[in-house]
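In what follows, a single structure is set out as structure tokens and then discussed.
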Amino acid sequence: MSAAPTAIAPSAQATRRGFLGLRLSRSVLDIILAVVAIFWLVPTIGLTIISLRPERFFQQSGWWTVLAAPAQLTFQNYTTLFSQGLVAGGVLDSLTTSLAITIPATLLVAIISTLAAYSLVFGRWRGRDAVFLAVVALLVVPVQVALIPVVQLYQAFGSVTGFNPFGTILGIIIFHVAFGLPFGIFLMRNFLIGIPTDLLEAGRIDGAGQWTLFQRVVLPLSLPAAMSLTIFQFIWVWNDLLVALVFLGSNVHHPLTIFLYSFTRTLAANYWIISTGAMISILIPLIVFFSLQRYFVQGVLAGAVK
Amino acid sequence: MRMAARSLGRGHPTLRAVGVSTPAGAPAATLKADATTGRPAGGGGRRDQLGSLLFLAPAAIWLLAITIYPVVVTFRNSVFDETATSYVGLHNYQVIFSDASILVTFRNNLIWVVIFPFVVTFLGLTFAVLTERIRWSTAFKTIIFMPIVFSATASALIWRTIFDLDPHIGMVNAAVQTASDWVNPPGLYPVDTSAGQTAAAFASTGLSPGASGALQSSSTAAAGDTVQLGLIGVNVGTLQVVGAQTAVPPSPSSGAISGLVYRDFSPSHPTDRGQLFPDTDGLPGMLLTLLRSDGSSAGTATTDQHGDFRFGNVGTGSYRVQLDARNFRSGFTGIFWLGGQSVTPTSHLSQTAQALLSVPLVDLAMIIAYLWMWAGFAMVVIGAGLTSLNRELLEAGRVDGATEAQIFRRITMPLLAPVLVVVLVTMIINVLKIFDVILNMAPGSSQGDASTLALAMFNEGFTGGIHSGLASAIAVILFLLVIPAMVANLRRIRG
């Protein structure tokens, strides 16, 4: 008993010292991290302001001078771009093309991955572990190794059937789905494996078929994970430039990333278009990010291998 | 921000509930878990087996056709010519390892891999640890994490203006300019250093080059004299900035040297020099020093709006009027951050060695931009690892009297090591494939110096039609480079 106070005393002292030390350093920390946070915000704020300043100011003075002349801010660039309407290659056309690629590519990945994950977790066939490992191996395969053969495949398909998917939105969707699947299956499988088998066994005993079990039991339970996957895949496809350049580079209708890229050769003269287009292109991911951040973070954590 | 609080705040309760594989090594992600849950490894009815394989069929067909088969074809294509019709052996690989413009891409990939993953992991770890101690950690994490949802294209274009050469556009150069001008204020009449101009170019009438960039009167003057000094090559923009007014001839006064500094160019008499016309401007704000014959200073003066000046109380002897060098000091004109110039000294090396050993400045600028994009990812993943640490171990350390630093080094870091490895590996794979940032951020003049394997693959394969051979060989190399990461992932998943 006599040993107890001596054992406790140093730790209590350490805690107090640590606590005081923390309190002291906390205000310093607050300042340091506030500076970091401001630095991190500056590029986004800069882009926003550039997009809100009329074209002529861009090369005259830095965007930060607007703090002294807030009257410069207008929506002129946005109205100019939007008033072009759905002209091919314009910002609205690119926005719809981006959506036309991203929505199907995302939904297909979510559906097909969930089906495959169901089979990998609840299916009764040999070699499921081997197939899962193959999926894990595919996670890091660079798209570069598939681009040319898939283009050749599309052209061969075109010469046989008369429909060549190369240069079409369907063609790029098929490619995006293939490269979204490994991550989708990986994420969904790791989620489904947490569902107790008993839940399915009960249904099986009641004579429910596999489709019924999938639809009634597995699908409703897997919605949160499917949500993470959907958001992650959406942002992945939305932000892609490489695949779009290969498959839609010569198409007049292209996604927003190509729209932005196409002005880089004449950057200074067109920065008002680039900044405004970039704001439009990051708006949808930002909405997704702020409204469904929880799911997105989960997707990112699960995707720490991609 | 309400949602943010739930997701980026401490704990990640949903994460564990969802059973998503956390990099901290949630057991659900490993095959071991599969074995321990005691799921049937096979058996069941034939119909049942077929049924569950049907669920797998769409994914299997898709992956076989659009991923696995193409990988095989790429390997084949890499030893064929650019139309993929005739066999060329290892020719494409020989080209890759002998073409300087492709060898440069290996150097750049190496620069990225050596610098970026480690710096981003360090930043992520620092942020993750520090935010545990502040009250507004959710807001901080949200701000750092946000750029991850922007496309690399948009982010690269933002950073391209931040690093712009012109201080009127680029924020970094504007900051450097402010600092540089504060230390070394530019003169009212700056010379154009980019054109190799010196102050001597301004000397027109009664002036000759003086000491270290200054100008001085060609002839000497004594008390009671007047001096007229004409400068040429002062542009109209400068006149507006300094508010120049019509030159007024100086009037002599006893005991003083008075004079005029003027623009020796009259729009109405463009070829006449050394004369004052009604449209001749005086040059205001010129900083002057009266020099004794031994070169020491006998006083200073500044010209007024009409270009006039006056040195009073001048003693006997002969003097020269000096136009100080600081009048002509040029301001900071911008650093070309996005240029291909090397930050390592390589000029003494051979051309091949130069190509392989130089570190272009544009690479470092892009790495900074990429840190901005990915530090949030590292922070969130490492933060999730931190929250899932066994708090009892940390407590035990504290009870045993360990200092916070000891606890961090001896307990936290070893426990966190697997997460740090995951972040490192993920970031290495990521930068090996880096493409959009280079394409959008490096200007045309330095894109060749900044090019990477992924960009070279694209340029070789898809410029002016499809060219298979060389691009396929580059793709194969890229694939081989990610194999170690693939193996690491498989090891981890197998547990």
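So here's what we get for this one:
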read-out: Options A:LEU256, A:LEU260, A:LEU283; residue that is out of contact with any strand residue (DSSP E or B) (no Cβ under 6 Å at 6 or more places or on another chain), aliphatic (A, V, I, L, M) and within 7 Å of chain B (Cβ to nearest Cβ); value: A:LEU260
read-out: Leading residue by the ranking (surrounded by the fewest Cβ atoms within 10 Å (Cβ to Cβ)) among those in segment B:223-255 that are under 47 Å from the mean Cα position of the chain (by Cα) and in a loop (DSSP other than H, G, I, E, B); value: B:GLY243
read-out: Qualifying residue in segment B:178-198 (condition: free of Cβ contacts under 8 Å to residues at least 40 places away in the same chain, crowded, with 20+ Cβ neighbours inside 10 Å and touching a strand residue (DSSP E or B) at 6+ places or on another chain (Cβ under 9 Å)); value: no
read-out: Candidate set: segment A:225-244, residues that are facing chain B (nearest Cβ under 7 Å) and of a type in the set (A, V, I, L, M); chosen: the one surrounded by the most Cβ atoms within 10 Å (Cβ to Cβ); value: A:ALA225
read-out: Scope segment B:447-475; condition facing another protein chain (nearest Cβ under 7 Å) and more than 30 Å from the chain's Cα centre (by Cα); matching residues; value: B:ILE466, B:SER468, B:SER472
read-out: Any pair with Cβ under 6 angstrom, 6 or more apart, that starts in segment B:225-245 at a residue that is charged (D, E, K, R) and ends at one that is at pLDDT 85 or above; value: B:ASP225/B:ILE257
read-out: Residues located in segment B:390-409, provided they are in contact (Cβ under 8 Å) with a residue 12 or more places away in the chain and within 36 Å of the chain's Cα centre (by Cα); value: B:PHE408
read-out: Residue list for segment A:51-79, filter: touching a residue at least 24 places away in the same chain (Cβ under 8 Å) and either surrounded by fewer than 12 Cβ atoms within 10 Å (Cβ to Cβ) or away from every other protein chain (no Cβ under 14 Å) (or both); value: A:LEU52, A:PRO54, A:LEU73, A:ASN77, A:TYR78
read-out: Meets criteria (within 14 Å of another protein chain (Cβ to nearest Cβ), assigned to a helix (DSSP H, G or I), out of contact with any Ser or Thr (no Cβ under 8 Å at 6 or more places or on another chain) and in contact (Cβ under 8 Å) with a residue 24 or more places away in the chain) for B:MET373; value: no
read-out: Residue among A:LEU248, A:LEU260, A:LEU286, A:LEU267 that alone is closer than 17 Å to A:GLY90 by Cβ and surrounded by fewer than 24 Cβ atoms within 10 Å (Cβ to Cβ); value: A:LEU248
read-out: Every residue from segment B:91-120 that is of a type in the set (Phe, Trp, Tyr) and in contact (Cβ under 8 Å) with a residue 12 or more places away in the chain; value: B:TYR93, B:PHE106, B:TRP112, B:PHE116, B:PHE118
read-out: Enumerated helices (runs of 4 or more DSSP H) restricted to segment B:76-164, each holding at least 2 residues that are under 23 Å from B:GLY444 (Cβ atoms); value: B:100-131, B:152-162
read-out: Members of segment B:165-210 that are assigned to a loop (DSSP other than H, G, I, E, B), more than 9 Å from chain A (Cβ to nearest Cβ) and farther than 23 Å from B:ARG320 by Cα; value: B:LEU165, B:ASN184, B:PRO185, B:PRO186, B:ASP192, B:GLY196, B:GLN197
read-out: Options A:THR96, A:THR48: the member that is closer than 22 Å to A:PHE263 by Cβ, surrounded by fewer than 20 Cβ atoms within 10 Å (Cβ to Cβ) and more than 13 Å from chain B (Cβ to nearest Cβ); value: A:THR96
read-out: Subset of segment B:80-90 [without any contact (Cβ under 8 Å) to a residue 40 or more places away in the chain and within 38 Å of the chain's Cα centre (by Cα)]; value: B:LEU90
read-out: Filter result for the condition that a residue is of a type outside the set (D, E, K, R), out of contact with any Pro (no Cβ under 6 Å at 6 or more places or on another chain), crowded, with 22+ Cβ neighbours inside 10 Å and at pLDDT 85 or above, over A:PHE157, A:PHE163, A:PHE179; value: A:PHE179
read-out: Residue satisfying condition, being modelled with pLDDT of 90 or more and more than 30 Å from B:THR83 (Cβ to Cβ), within set B:ILE429, B:ILE434, B:ILE411; value: B:ILE429
read-out: Subset of segment B:278-304 (residues that are in contact (Cβ under 8 Å) with a residue 60 or more places away in the chain and surrounded by fewer than 16 Cβ atoms within 10 Å (Cβ to Cβ)); value: B:SER293, B:GLY295
read-out: Single match in B:ILE434, B:ILE407 (criterion: under 30 Å from A:SER262 (Cα atoms) and of a type in the set (A, V, I, L, M)); value: B:ILE434
read-out: The one condition in (1) facing another protein chain (nearest Cβ under 8 Å); (2) more than 24 Å from B:ILE477 (Cα to Cα); (3) among the basic types (Lys, Arg) that B:ARG410 fails to fulfil; value: (1)
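The values are calculated or read from the model by the stated rules, or taken from the named source; none is laboratory data. Just so you know, these numbers come straight off a predicted model, no measurement behind them. We place every Cβ from the backbone using ideal geometry, glycine too, and count neighbours over all the protein chains shown.
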